[in-house]
Amino acid sequence: MASSAGSLKGTGTYVTLAKTLNLLVCENDMKFQPTEPSQGKFSYTGGDGLYTFAAANGMRIRGHNFIWHSQSGWAANVNGTRDQMLSIMRTHIDSVAGHFKGKVLEWDVLNEITDDGNGNALRKSFWQKAIGNDYADSAFFIAHRADPYGKLYYNDYGADGVNGKSTAMVNLAKGWLTNKVTIDGIGLQCHLSSGFKKEDISANIKRFGDMGLRVSLTEIDIKGSNTADWTNLLGACLENFNCTSFVTWGIYDGGTWLGSSCNGCLPYDASYQPKPAVQAMIDLMNNVDPAVVAKRKDFIKTDLAVPIIAFPRELRRANLRGGMLGVDAVPVFSTGSEMVDGLGRNRAIAPNSPWAGGLSVLPQ
Ligand code: XIL
């Protein structure tokens, strides 16, 4: 669930409830503005607090998030050149990912980068406007270099089922995979309302699985929810081997960013009491298809294994399954301020790339 670190102190009911879960995410504390409140000055208090609590209680954490159009403080007002904004991006991700390196199960590298209108093109955020569309690729490469242990995600809302936005995300992800961008998964935020179709969300999760990508349901709340909504959403996840995390945005109706429009949007009521949905979800988890469980276990078995720094995602997996280290690295070269990789593509990442002038075997 999402929480602030501050709320996880003491022994109250909320803390007891939190300890029943196994994955935590900072609702706000690890975003750009709180972690880099002024340029080059970093603060990790909230994230450190959340991690300490999680580690003490056998839980993992998600890191949310590096690059977003919102809650980015001073960076949104720099109006810098492509190189300046790349440098700001690089310093931020290097620092935050470096600080939490090895402690984070999943990073939301990119948050909400697809436009709702404009043909679901990339959102014209201050990052996109200054750097260009390859800012997204660069963010993944930088994050992978800084924390090769964390699984790297692109997270967005309104793309939970099969629709124009999620189809645009499928196409984005296809391009990234072709270009050997270091993405591991897609985050579907799942800010939902009662009555959504399980089949629709399941089909959407599946099409990312068909591409070899994980899907995490990252910010779940269901306005006006009933028991069937919760078992439908969890069921859509459980029946897909590539659905690997199920995270609610809060845990009880008394503490949610939705305020009164929550209308029963979380599994515990405002007095921290479990709704019938909680037992129903436990029952569902106790009755999953063992074949899917086995496939999921195999799919995620590289988690926290030895990292392979600076190699594309499919090779990281191949390597961890025995062999191939170094076969397929994409080198990056500088041609002045423009950077071109070994395939002749423009690559924003190139400044300070560990690949520059180094490894030279091109993809087949
Ligand atoms: C929200 C938090 O819940 C609020 O406390 C804050 O005021 C604004 O951000 N999508 C996201 C989350 O990726 O970071 C947002 O969290 C909710 C929507």
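The values are calculated or read from the model by the stated rules, or taken from the named source; none is laboratory data. Everything numeric in this text was worked out from a predicted model, so none of it was measured. Cβ placement follows ideal geometry from the backbone for every residue including glycine, while neighbour counts extend to all protein chains displayed.
Could you pull out every one of the helices (runs of 4 or more DSSP H) wholly within the stretch 133-215 that has 3 or more residues that are more than 23 Å from residue 295 (Cβ to Cβ)?
135-146, 164-178
Would you check if residue 55 is surrounded by fewer than 17 Cβ atoms within 10 Å (Cβ to Cβ), of a type outside the set (D, E, K, R) and under 20 Å from the mean Cα position of the chain (by Cα)?
Yes.
May I ask you to list the residues in the stretch 249-266 that are within 12 Å of the ligand (Cβ to nearest atom) and among the aliphatic types (A, V, I, L, M)?
Residue satisfying the conditions is 258 alone.
Kindly indicate which of 247, 278, 288, 292 is outside any loop (DSSP other than H, G, I, E, B), in contact with a helix residue (DSSP H, G or I) (Cβ under 9 Å, 6 or more places away or on another chain) and within 19 Å of residue 22 (Cα to Cα).
Checking each option against the conditions leaves just 278.
Select from the stretch 32-52 the residues that are of a type in the set (A, V, I, L, M, F, W, C) and either closer than 19 Å to residue 218 by Cβ or crowded, with 17+ Cβ neighbours inside 10 Å (or both) and list them in ascending order.
Correct list: 32, 50.
On the given criteria, is residue 76 in contact with an Asp or Glu (Cβ under 6 Å, 6 or more places away or on another chain) and in a helix (DSSP H, G or I)?
So residue 76 fails the test.
Is it the case that the stretch 160-168 has a residue that's crowded, with 23+ Cβ neighbours inside 10 Å, in the same structural domain as residue 26 (by TED's automatic domain parsing) and closer than 20 Å to residue 47 by Cα?
Within the stretch 160-168, none of the residues are crowded, with 23+ Cβ neighbours inside 10 Å, in the same structural domain as residue 26 (by TED's automatic domain parsing) and closer than 20 Å to residue 47 by Cα.
If the requirement is being modelled with pLDDT under 95, within 15 Å of the chain's Cα centre (by Cα), within 25 Å of residue 103 (Cα to Cα) and not β-branched (Val, Ile, Thr), which of these qualifies: 153, 149?
149
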